[in-house]
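What follows is a single structure, written as structure tokens, with notes after it.
The values are calculated or read from the model by the stated rules, or taken from the named source; none is laboratory data. As the structure is a computational prediction, the values presented were derived from the model and not from experiment. Note that each Cβ is placed from the backbone with ideal geometry, even for glycine, and that neighbours are counted across all protein chains shown.
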Amino acid sequence: MRNYNIAIDGPAGAGKSTIAKSIAKKLEFIYVDTGAMYRAMALFMIKQNIDFDNKDDIENACDSVNVTIEYKSGEQQVILNGENVTNLLRTEEVGKMASNVAKHNTVRSKMVVLQQNLAAKANVIMDGRDIGTVVLPKADLKVYLTASSEERALRRWRELTEKGISCNIKEIEQDIIDRDKQDMNREISPLKQADDAILLDSSNMSIDEVIDKIIELFKQKCNE
């Protein structure tokens, strides 16, 4: 029995993760939380007392790391070398280490292999910046999910305001524009729409409308 893969790429603030998680539940796919996988890698480095600036030690350590994602009772479980480390990944120390180790080409290459291994064994949906172009180039459905910088800024402003955080929507939009430029021009795996990805602009769509549209697109692909 074959496995199906869905890749969702797009700029920051487009709602990729929220939408991918909802689609995973509806289709009973595994949502591959790539961020959690990087945190598991970082946790391994911390346990091995490896400095994030030590390129050689990091490269050697990558050979000893295996990270997978499982679901039990509907909850994501991150497994590092056979150990469930889900409850150890949200510390500030791990988050900081994850940001630093992710800059290394060796780590990113290792993660691509691990993510591809997951996709080969199960029905998965992944979101990010380079899923359709690098991680899952043969995904059954590729979606490039975007929205105008104005709309993404408005969504972020609402989110922060609801939490009681004072913010300036113009500053938020400028941050988004700057982030887009950085992501699209980075040397390793820049953000771009895969040639065979379907462009979906969610500027004037609700979350439910986007979810339904992507599921519709996936079913169409399966029937081709």
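Apart from one condition, I176 fits all of (1) at pLDDT 95 or above; (2) under 26 Å from A102 (Cβ atoms); (3) of a type in the set (V, I, T); the exception is (1).
In the list N3, N60, N49, which residue meets the criterion of being in contact (Cβ under 8 Å) with a residue 60 or more places away in the chain and over 19 Å from the mean Cα position of the chain (by Cα)? Break it down stepwise before answering.
Working: N60 fails: in contact (Cβ under 8 Å) with a residue 60 or more places away in the chain; N49 fails: in contact (Cβ under 8 Å) with a residue 60 or more places away in the chain.
Going through N3, N60, N49 in turn, just one is in contact (Cβ under 8 Å) with a residue 60 or more places away in the chain and over 19 Å from the mean Cα position of the chain (by Cα): N3.
Taking the criterion of being in contact (Cβ under 8 Å) with a residue 12 or more places away in the chain and in a loop (DSSP other than H, G, I, E, B), the residues of the stretch 190-203 that qualify are P190, L191, K192, Q193, A194, D196, A197, S202, S203. Scanning the stretch 184-224 for residues that are among the polar types (S, T, N, Q) and at pLDDT 90 or above yields Q193, S202, S203, N204, S206, Q220.
Scanning the stretch 41-57 for residues that are surrounded by fewer than 20 Cβ atoms within 10 Å (Cβ to Cβ) and either assigned to a helix (DSSP H, G or I) or not polar (S, T, N, Q) (or both) yields I46, K47, I50, D51, D53, K55, D56, D57. Every test in (1) over 16 Å from G15 (Cα atoms); (2) in contact with a helix residue (DSSP H, G or I) (Cβ under 8 Å, 6 or more places away or on another chain); (3) in contact (Cβ under 8 Å) with a residue 24 or more places away in the chain is passed by R152 save one, and that test is (1).
Picking from S206, S189, S166, S148, which residue would you name as being closer than 17 Å to K16 by Cβ, exposed (fewer than 12 other Cβ atoms within 10 Å of the Cβ), outside the structural domain of R39 (by TED's automatic domain parsing) and of a type in the set (G, A, S)? S206 is the lone residue from the list that is closer than 17 Å to K16 by Cβ, exposed (fewer than 12 other Cβ atoms within 10 Å of the Cβ), outside the structural domain of R39 (by TED's automatic domain parsing) and of a type in the set (G, A, S). The numbered conditions (1) outside any loop (DSSP other than H, G, I, E, B); (2) more than 16 Å from the chain's Cα centre (by Cα) are all true for G95 except (2).
Please enumerate the residues belonging to the stretch 58-79 that are of a type in the set (G, A, S) and in a helix (DSSP H, G or I). Let's see the steps before the verdict.
Step one: filter the stretch 58-79 for residues of a type in the set (G, A, S), giving 61, 64, 73-74.
A61, the sole residue that qualifies.
Evaluation of K181 against the conditions (1) farther than 30 Å from E70 by Cβ; (2) modelled with pLDDT of 95 or more; (3) over 16 Å from the mean Cα position of the chain (by Cα) shows that the sole unmet condition is (2). Residue count for the stretch 89-129 satisfying the condition of being modelled with pLDDT of 90 or more, among the charged types (D, E, K, R) and touching a strand residue (DSSP E or B) at 6+ places or on another chain (Cβ under 7 Å): 1. Screening T106, T91 for residues that are without any contact (Cβ under 8 Å) to a residue 40 or more places away in the chain, surrounded by fewer than 20 Cβ atoms within 10 Å (Cβ to Cβ) and among the polar types (S, T, N, Q) leaves exactly one candidate, T91. For the stretch 1-40, the tally of residues that are assigned to a helix (DSSP H, G or I), charged (D, E, K, R) and either in contact with a Pro (Cβ under 9 Å, 6 or more places away or on another chain) or more than 26 Å from V107 (Cα to Cα) (or both) stands at 2.
For the condition farther than 25 Å from K219 by Cα, buried (at least 16 other Cβ atoms within 10 Å of the Cβ) and of a type in the set (A, V, I, L, M, F, W, C), what is the one hit in A20, A14, A36, A24?
Details: A20 fails: farther than 25 Å from K219 by Cα; A14 fails: farther than 25 Å from K219 by Cα; A24 fails: farther than 25 Å from K219 by Cα.
Step by step, each of A20, A14, A36, A24 is checked, and only A36 is farther than 25 Å from K219 by Cα, buried (at least 16 other Cβ atoms within 10 Å of the Cβ) and of a type in the set (A, V, I, L, M, F, W, C).
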